[in-house]
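Here the structure comes first, spelled out in structure tokens, and everything after it is commentary.
The values are calculated or read from the model by the stated rules, or taken from the named source; none is laboratory data. Here the structure is a predicted model, which is why all the values come from computation and not from measurement. Cβ coordinates were reconstructed from backbone atoms using ideal geometry, including for glycine residues, and neighbour counts include every protein chain displayed.
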Amino acid sequence: MSKPPLFLNLLKIKLPITAKASITHRISAIGVFFLLFPFLAALLIATSSQEGFNQIVQLSDLIFIKLAFNLLVAGITYHYVAGIRHLIMDLGYWETLKAGSFSAYGTFLVSGLLIAWFSILIW
């Protein structure tokens, strides 16, 4: 019997692209979860009154707010595209190692292009 490693450095492990796609899908869900609350609060403030709307418009010009919004949109975009990939795999397609790798690369490519396009629209 072999012993489990005592010190596991996750940065030195060579993960397959399918594992990286799965891990980033989960990380994007956590990021979206935490970034969504401030922007939902801003939406409530903006829709409550004209003064609230003007305050949110002024805040939206700050670079930090635009960056946070860009991260939120990027997380939602990647999570959506990766979620579609997972749903297709749940239907029984792309279950081989080769097809799973191609779909993971496709997920990164499609979501990267969409994120770049949305970032241009935001900035």
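For every residue, the table says whether it meets (1) of a type in the set (A, V, I, L, M, F, W, C); (2) surrounded by 15 or more Cβ atoms within 10 Å (Cβ to Cβ); (3) in contact with a Ser or Thr (Cβ under 7 Å, 6 or more places away or on another chain); (4) at pLDDT below 95.
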site: 14; (1), (2), (3), (4): no, no, no, yes
site: 30; (1), (2), (3), (4): yes, no, no, no
site: 41; (1), (2), (3), (4): yes, no, no, no
site: 44; (1), (2), (3), (4): yes, no, no, no
site: 53; (1), (2), (3), (4): yes, no, no, no
site: 57; (1), (2), (3), (4): yes, no, no, no
site: 68; (1), (2), (3), (4): yes, no, no, no
site: 78; (1), (2), (3), (4): no, yes, yes, no
site: 110; (1), (2), (3), (4): yes, yes, no, no
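Kindly indicate which of 102, 118 is modelled with pLDDT of 95 or more and either charged (D, E, K, R) or under 18 Å from residue 23 (Cα atoms) (or both).
Answer to the check: 102.
Any chance you could count how many residues in segment 64-109 are aliphatic (A, V, I, L, M) and touching a helix residue (DSSP H, G or I) at 6+ places or on another chain (Cβ under 7 Å)?
Number satisfying all stated conditions: 10.
Can you find, within segment 80-96, the residue that is surrounded by the fewest Cβ atoms within 10 Å (Cβ to Cβ) among those that are under 18 Å from the mean Cα position of the chain (by Cα) and not charged (D, E, K, R)?
That would be 87.
Name the pairs: first residue in segment 66-84 and without any contact (Cβ under 8 Å) to a residue 60 or more places away in the chain, second residue surrounded by 20 or more Cβ atoms within 10 Å (Cβ to Cβ) and part of a helix (DSSP H, G or I), Cβ to Cβ under 6 Å, at least 6 apart or on different chains?
Note: pairs meeting the criteria are 75/28; 77/111; 78/28; 78/111; 79/28; 81/107; 81/111.
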